Ligand code: DX5
Ligand code: ZN
C-alpha cells in the first residue's frame, strides 16, 4: 500500500460532549489523524448538526486537519464557507447531485482534498466515473443521520470492490468499533471514522488504540 493509504483514525465529533469539544479533542489528539465533522441539514438526512462556525472556533485548538462530511442537499452552496472556516478535506454525497465533477473541482481548485460519499444502498458504479477526481471515498456503513448505529456488514463487499479499482483513501463511517474496524481494514479501507465507540468510552485513548490493535497500528 502507498504511504498515502496508511491507516488513519478520524474521530467523529458528533458523539463528543459539545459543551467541552476542545477538551475532548485534546485527550486523544496525539493518537488520531484528523477530526471528522458531520454536517447535517435536516433535508438530505433527518437530523441537524453544525456548520462552519464550529469548525472555525475549533481550528485554533488543534494541529490536525478537519475532515468535513457534508450530509446536505446543495453542498456547492457551502464549500467556500467550510474552506474559509479551515476545513482540509471536504466530502459530499453522490446522491445529492447530478454534477459531482463540478463540485469536486470547486474543492480541488481551492487546494483542498475532496471526497465523495455513498449511502449503504448506493452501488460503487454510481461514483466510478468520478473516482479520478477524488482524494477519498467515504463508504457509509449505516444510513446517515445519527451516531451510535449498528455497523451494516452488507456494505463490506463494496469496500472490497472499490479497493480493486481505486488507489485513493477509502474511509468508512458508521458503527466502527474494535471489531468492525478490522473487518473494513481487511476489505481495503484505510481511514476509520468512529464516533460513539470512542466518545462513549470511559478510556478514550484505549478505545482509539483498540481500533487498530493487532493490525499493525496506525
Ligand atoms: C452518521 C455520521 C457518522 C457518525 C459515526 O451519519 O456520518 O460520522 O457520527 O458515528 P458512529 O461511529 O457512532 O457510528
Ligand atoms: Zn460522518
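Numbers at a glance
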quantity	calculated
The chain shape via C-alpha gyration tensor axes, a/c threshold 1.5	rounded
Global form of region 9-93, assessed from the alpha-carbon gyration tensor, a/c cut-off 1.5	prolate
For 48, 107, 183, order by how many other beta-carbon atoms lie within 10 Å, fewest first	48, 183, 107
Anisotropy class of region 139-218 from Cα gyration tensor, a/c 1.5 cut	oblate
Of 54, 39, 68, the one that fluctuates the most in a GNM where the chain has Cα springs shorter than 10 Å	54
Residue exposure sequence - 200, 73 - by fewest surrounding Cβ within 10 Å	200, 73
Which of 19, 180, 154 has the fewest Cβ neighbours within 10 Å, and the rest in rising order	19, 154, 180
Helix-derived mean residue ellipticity, 222 nm - over the chain, DSSP H n ≥ 4, -39500 (n - 2.57), to 500	-7500 deg cm²/dmol
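Quick note: the coordinates plus some simple rules give every number you see, no bench work behind them. Remember, it's a predicted structure, so these values are computed and weren't measured experimentally. Quick reminder, even Gly has a Cβ in these numbers, built from the backbone with ideal geometry, and neighbours come from all protein chains shown.
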